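Below you'll find the structure, written out as structure tokens, and then a few comments.
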Amino acid sequence: MNSEIKQQIYNLLNKAGVSGEIELTTPPNPEMGDFAFACFNVAKEWKMSPVEAAKTIESKIKKSNLVDKVQVMGPYVNFYLNPGQVAELVIKDVLKKGKKYGINNSGKGKKVLIEYPSNNTHKEFHIGHLRNVCIGNSLVQLYEQNGYKVYPVNYLNDFGNHVAKCLWGLQKFHKDEKVPENKQKWLGEIYAEASQKLKDNPDFAPEVAEIQKQIEGQDSKIWKLFMQTREWSIDKFEEIFKQLGVKHVAVFYEKDLKDKGQGYVDDLLQKGIAKVGEGGAIILDLSEYKLDIALLRKSNGTGLYMTSDLALAVEKFKGCYADESIIITGTEQNFYFKQLYKTLELMGFDKKLTHISYGLINLKEGKMSSRLGNVILYEDLYAEVYEKLKEESVQRHPEWSEKKIKSNIDVLAMAALKFDMQKHEAAKNIIFDIKEATSFEGFSGLYVLYAIARINSVLNQAKKLKAKVDYNLLNKPEEKQLVLFLAKYEEVVRTALLNYNPSEITRYSFDLAQAFNDFYNKHSILKAETADLVATRLQLASAAKNVLENSLGLLTIGTVEEM
RNA sequence: GCCCCUAUAGUUUAAUGGAUAGAAUGUCAGGCUUCGAACCUGAAGAUGGGAGUUCGAUUCUCUCUGGGGGCACCA
């Protein structure tokens, strides 16, 4: 809620004898008031029943300009705000602050590294990576807009076992094939195929291990192929990142970190923290922290993900002076990251490390895995959404040029996808239904964009007229609800950042669009009864547009004039 | 086998221990000579089972059942 409103209600409660931290809630129904103070805690303090406490507060409270009425309902003290007063306060604030409305300065002077999506070369970029990027993009925005200095970085794993598998498959089954146009996709498919073959026939394992050794040893037999295929992958990723609006300030590659990581493993071994385990592998016994045993190096001497991750943690902080490093991965790596962070701690590494994880995307048909064939590739998904939107747009706007249609859909398709990826809390597994994602009805990015397009249409049709803005005219329930929604935005931004949870913004932007549509359908803006009311409602509409755009901006979703 | 996460309308989901569990979609019934119907209004529809803590539990604890993930050479 708007801090000014909050402060005024706090003051009233303080004067009525309530001390300490005050929390206000929203009553279940607007007829029961706009804000509520629950008296359970204060009742304990005053040694009376919550109902008595509420009555005591009511009798001591004085009304103000802003607060029209105070009414007790059971253990709650409910506040009714004056519609004109609250409208003036909120709308003026929104229009004055513009793009800066809703954000705060909580991050001033703080620096944060955000690492995402840290995907693998030689594999597909699928819908799970899309979810990662969407969450990462939004976190970058949330931090940046709230005053933090943000360093978005990426870590491409170009040197792991998956590369060996892919190159093995390529050499064994696709050696003389003509390389298709979409090379990255081709490599991804070969990787998936190789994984499957290896699973079906474990006898191939030594061949893959040999290739892994060749790669790590920069053997000339494989190095050229490795570097070339690596580049194919990276080029495509860069293209995708550009389209999604990701701006990494630095990219780290496992290729460059593995040796350093091996050095840290040697150190740990020398210090007696790590030891030689079964079969000669280097391990770290973390069982006293209930983290089992971490494997730092394979028995054949080659590295693992952990090996390079030790070096990455250190290298990331060089060149930027961040206080904290955030990394975004799937929840399946939760345990691994606990092990990694504990290992770093034992190494003496003392930076703040935060692991944000997001749930798996399950398809209606079953689990998503890049090892199996049932993946939805980002490119395919985008193409499908794009086509569907194009069909709709051409139908609605036959007079639009192809160029205009394209530039419009570029924005709409991205909005649809990014919104859909952030509908739910990051940590939750989600079930992805392509039909729903491409339906554009209800809880979708297009719904919000449509509300903005309608506001634009109204604003463009408004004629200059002699009229006086008078916020007291905004006395309809739908107008007041819309105003209260606008006021709530600050708090939504604050908690979304606190919980690392952009989905709170997503939901808010939809709720706000809904509140506007409700108002729009019941009351005419341009044909309102008086010129003054027209002018005032235009202000309300502008404010709604402003906050809708701000909230979508945090989700890195752009908007269109018309659609 | 051990550890972690999770269970809310037909489906996808929301709810710092607090008021009548909120949406979307689907179904049914309505609304464009009225600022853009990719919209709006209305109806029916949910907390997996059992115990416990509490004035009060979707929320905390235990247990059972179901789902997901992880657990030494994958990432």
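Taking amide H atoms as placed 1.01 Å from N in the peptide plane, list the residues 5 or more away in sequence, or in a different chain, whose amide H sits under 5 Å from that of A:Phe252.
Excluding prolines and chain starts, which carry no amide H, the hits are A:Asn154, A:Tyr155, A:Leu156.
For the residues A:Tyr378, A:Tyr289, what sequence is obtained by ranking on other C-beta atoms within 10 Å, fewest first? Mind showing how you got there, number by number?
On the way: A:Tyr378 20, A:Tyr289 12.
Fewest-to-most Cβ neighbours within 10 Å comes out as A:Tyr289, A:Tyr378.
Report, in degrees rounded to the nearest 10, the 0 to 90 angle that the Cα long axis of helix A:305-316 makes with the longest principal axis of chain A.
Taking Cα atoms only, the helix is inclined about 60 degrees.
For the stretch A:508-524, in order, what is each residue's ³J(HN,Hα) by Karplus, 6.51 cos²θ - 1.76 cosθ + 1.60 with θ = phi - 60°, in whole Hz (x at glycine and Pro)?
4, 4, 5, 4, 5, 4, 5, 4, 5, 4, 4, 4, 4, 6, 9, 10, 7
How about the stretch A:15-59: which trypsin sites (Lys or Arg not before Pro) there lie in a loop by DSSP and see at most 11 other Cβ atoms within 10 Å?
Here the sparse-neighbourhood loop sites are A:Lys47.
For the stretch A:400-444, run through the GluC sites (Glu not before Pro) and keep only the ones in DSSP coil with at most 12 other Cβ atoms within 10 Å of their Cβ.
Qualifying residues, ordered by number: A:Glu441.
Quick one: of the DSSP bridges fully inside chain A, what percent are antiparallel, nearest 5?
Percent antiparallel among DSSP bridges in chain A is about 50.
Give the cross-link partners of A:Lys100 among the aspartates and glutamates, using a straight C-alpha distance below 17 Å as the criterion and excluding same-chain residues fewer than 8 apart.
Output for A:Lys100: A:Glu4, A:Glu144, A:Glu490, A:Glu491, A:Glu549.
For the stretch A:260-274, what does the Karplus curve 6.51 cos²θ - 1.76 cosθ + 1.60, with θ = phi - 60°, yield as ³J(HN,Hα) per residue in whole Hz, taken in order and with x for Gly and Pro?
These are the phi-based 3J(HN,Hα) values: 4, x, 4, x, 5, 5, 4, 4, 4, 5, 5, 6, x, 7, 8 Hz.
Hey, what did the stretch A:256-306 get for relative contact order, percent, Cα under 8 Å, at least 6 apart?
Rounded, it is 26 percent for the stretch A:256-306.
Using per-residue counts of other Cβ atoms within 10 Å, averaged over each peptide, order A:544-552, A:3-11 from highest down.
A:544-552, A:3-11
Mean separation of Cα pairs under 8 Å and 6+ residues apart, divided by the residue count of chain A: what relative contact order is that in percent?
The value is 16 percent.
Just give me a number: lysine pairs in the stretch A:3-81, eight or more positions apart or cross-chain, with C-alpha atoms less than 18 Å apart.
Pairs that pass both the separation and distance tests number 15.
What is the packing order of peptides A:62-69, A:150-157, taking the mean over residues of other C-beta atoms within 10 Å and listing the highest first?
Packing order, densest peptide first, comes out as A:150-157, A:62-69.
Which far-off residues, 5 or more places away or on another chain, put their amide H under 5 Å from the one on A:Ile114, with H placed in the peptide plane?
A:Tyr151, A:Val153, A:Ile326
Arrange the following residues from fewest to most other Cβ atoms within 10 Å of their Cβ: A:Ile91, A:Ile356. Don't skip to the answer; put the middle values down first.
Details: A:Ile91 24, A:Ile356 21.
Least to most surrounded, the residues fall as A:Ile356, A:Ile91.
³J(HN,Hα) across the stretch A:38-53 via Karplus (A = 6.51, B = -1.76, C = 1.60, θ = phi - 60°), whole Hz, x for Gly/Pro?
3J(HN,Hα) across the stretch A:38-53, in whole Hz: 8, 9, 5, 6, 5, 5, 4, 4, 8, 6, 9, 6, x, 5, 5, 4.
Kindly identify chain A as rounded, prolate or oblate by the Cα gyration tensor criterion: order the square roots of the eigenvalues as a ≥ b ≥ c, call it rounded if a/c is under 1.5, otherwise compare a/b with b/c, prolate if a/b is larger, else oblate. Walk me through the intermediate numbers first.
Working: a/c = 2.85, a/b = 1.63, b/c = 1.75.
It comes out oblate by the Cα gyration axes.
Along the charge dipole of chain A, Cβ charges K/R +1 and D/E -1, which of A:Leu473, A:His248, A:Ile283 sits furthest on the positive end?
About the Cα centre, the residue reaching furthest to the positive side is A:Leu473.
Angle between the Cα long axis of helix A:477-498 and the longest principal axis of chain A, 0 to 90 degrees, nearest 10?
30 degrees
Give me the net charge for the shell around A:Lys97: Cβ to Cβ below 13 angstrom, other residues only, Lys and Arg +1, Asp and Glu -1.
0
Which residues' amide hydrogens lie under 5 Å from the amide hydrogen of A:Leu296, considering only partners 5 or more residues apart or on another chain, with H built in the peptide plane?
A:Ile282, A:Ile283, A:Leu284
By how many degrees, 0 to 90 and rounded to 10, does the Cα axis of helix A:531-554 deviate from the longest principal axis of chain A?
20 degrees
How large is the charge dipole for chain A, taken about the Cα centre, if only the Cβ atoms of Lys, Arg (+1) and Asp, Glu (-1) carry charge, to the nearest 20 debye?
Working: 76 positive and 74 negative charges, 308 e Å.
My answer is approximately 1480 debye.
Give me the net charge for the shell around A:Asn14: Cβ to Cβ below 13 angstrom, other residues only, Lys and Arg +1, Asp and Glu -1.
+3
Each value in this text was obtained by applying a stated rule to the coordinates, not by laboratory testing. Because the structure is a prediction, the values reported are computed rather than measured. Virtual Cβ from ideal backbone geometry, glycine too; neighbours counted across all protein chains shown.
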